[in-house]
1. On the basis of being more than 21 Å from B:Lys17 (Cβ to Cβ), touching a helix residue (DSSP H, G or I) at 6+ places or on another chain (Cβ under 9 Å) and modelled with pLDDT of 90 or more, does B:Arg194 make the cut?
2. Quick check on region B:114-141: of everything there that is touching a strand residue (DSSP E or B) at 6+ places or on another chain (Cβ under 8 Å) and of a type in the set (Phe, Trp, Tyr), which residue is farthest from the other protein chains (Cβ to nearest Cβ)?
3. Step by step: first the residues of region B:167-210, then only those that are among the charged types (D, E, K, R) and assigned to a loop (DSSP other than H, G, I, E, B), then the one that is nearest to B:Ser153 (Cα to Cα). Which residue is that?
4. Return the residue satisfying two criteria in turn: it lies in region B:13-69 and is more than 21 Å from B:Asn180 (Cβ to Cβ), of a type in the set (A, V, I, L, M) and assigned to a loop (DSSP other than H, G, I, E, B), and of such residues it is modelled with the highest pLDDT.
5. For B:Arg149, indicate whether it is part of a loop (DSSP other than H, G, I, E, B), more than 14 Å from chain A (Cβ to nearest Cβ) and at pLDDT below 90.
6. Does B:Val188 meet the test of being within 14 Å of B:Thr19 (Cα to Cα) and touching a His at 6+ places or on another chain (Cβ under 8 Å)?
7. Just one of (1) of a type in the set (A, V, I, L, M); (2) closer than 26 Å to B:His171 by Cα; (3) part of a helix (DSSP H, G or I) trips up B:Val5, so point out which.
8. Can you name the condition, by its number, that B:Pro197 falls short on among (1) in contact with a Lys or Arg (Cβ under 8 Å, 6 or more places away or on another chain); (2) surrounded by fewer than 17 Cβ atoms within 10 Å (Cβ to Cβ); (3) under 23 Å from A:Ser13 (Cβ atoms)?
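The values are calculated or read from the model by the stated rules, or taken from the named source; none is laboratory data. Fair warning: this is a prediction, and the values are worked out from it, not measured in the lab. Note that each Cβ is placed from the backbone with ideal geometry, even for glycine, and that neighbours are counted across all protein chains shown.
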Amino acid sequence: MSTKKQVGSKLASSVRQAKVQQKQQSKQKSVADKPSEPVERSTSLITSKRVWPD
Amino acid sequence: MSATVFSIASQKGGTGKTTVAMNFAAGLAQRGRTLVIDADPQGSAGQWASLASDEKPFPVSVITVAGGFSREIGRFKRDYQYIVIDCPPTLETEITHQAMAAADTVLIPTLPSPVDLWAGVRLASVIEQIKIGRPTFRAYMVINQLEPRSAISRGMQQALSEFDIPALQGHLRRRAIYRNAALEGVSVYCMGKRAEPAAQEISNIIEELL
């Protein structure tokens, strides 16, 4: 294989790798940007019940 | 009149974006009234034109636009046949996205280097989004600073075939005359006989696009 082809193949392969990486990053970003599930919040100041011993 | 808008974009600095923008604009000016919009905060296009002498002014008006991009473009489109936008060298600013969205054609100068090719991957994915719903929108990679004897330069065509964005047949070789033209505030069209090969490279790109 000539040097030109070797370098061309290597460059092309590095671009393919960069594209895969880019896709993974976009996927991770879209997951990070996704709003989290709504959390049920208590409106009361009392968050736990205290049970007094009898 | 409604101008054809070309945006010269790049995901990283040092790709010769302004060199392409200014010489390309000078070539277009031979065909119709042309304006350069310097949207790069570094202001290199404005600096370039400011170095021109009064006897030999740069053949194209250069203006700087920072905000209200879409509105400004609309205003200038009526007065010019061609508008060339020198974009900021990053995708992390809204101006770059607006400038590419305002363009009929985006040109992406790319050096024959792996790092430049990798940087082009993200830009290409953004351009794919802009293309949606715009059948006449075009984008091309332009090889800049090509060194025909270097193995990497010769391997570029194979590497560029991995992109969804096509590469222009026309390219710019690595030539000192491009840097000398910037220093004198002119385009390669005004640098005499020694710049003829460079001027021909720019004309080839223009003919390929128009």
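1. Considered against the rule, which asks whether it is more than 21 Å from B:Lys17 (Cβ to Cβ), touching a helix residue (DSSP H, G or I) at 6+ places or on another chain (Cβ under 9 Å) and modelled with pLDDT of 90 or more, B:Arg194 comes out as yes.
2. Checked region B:114-141; the qualifying residue farthest from the other protein chains (Cβ to nearest Cβ) is B:Phe137.
3. B:Arg174
4. Out of the qualifying residues, it is B:Ala39.
5. Values: part of a loop (DSSP other than H, G, I, E, B): yes; more than 14 Å from chain A (Cβ to nearest Cβ): no; at pLDDT below 90: yes.
Spelling it out, it is not the case that B:Arg149 is part of a loop (DSSP other than H, G, I, E, B), more than 14 Å from chain A (Cβ to nearest Cβ) and at pLDDT below 90.
6. Working: within 14 Å of B:Thr19 (Cα to Cα): yes; touching a His at 6+ places or on another chain (Cβ under 8 Å): no.
The answer is no for B:Val188.
7. (3)
8. All conditions are met except number (3).
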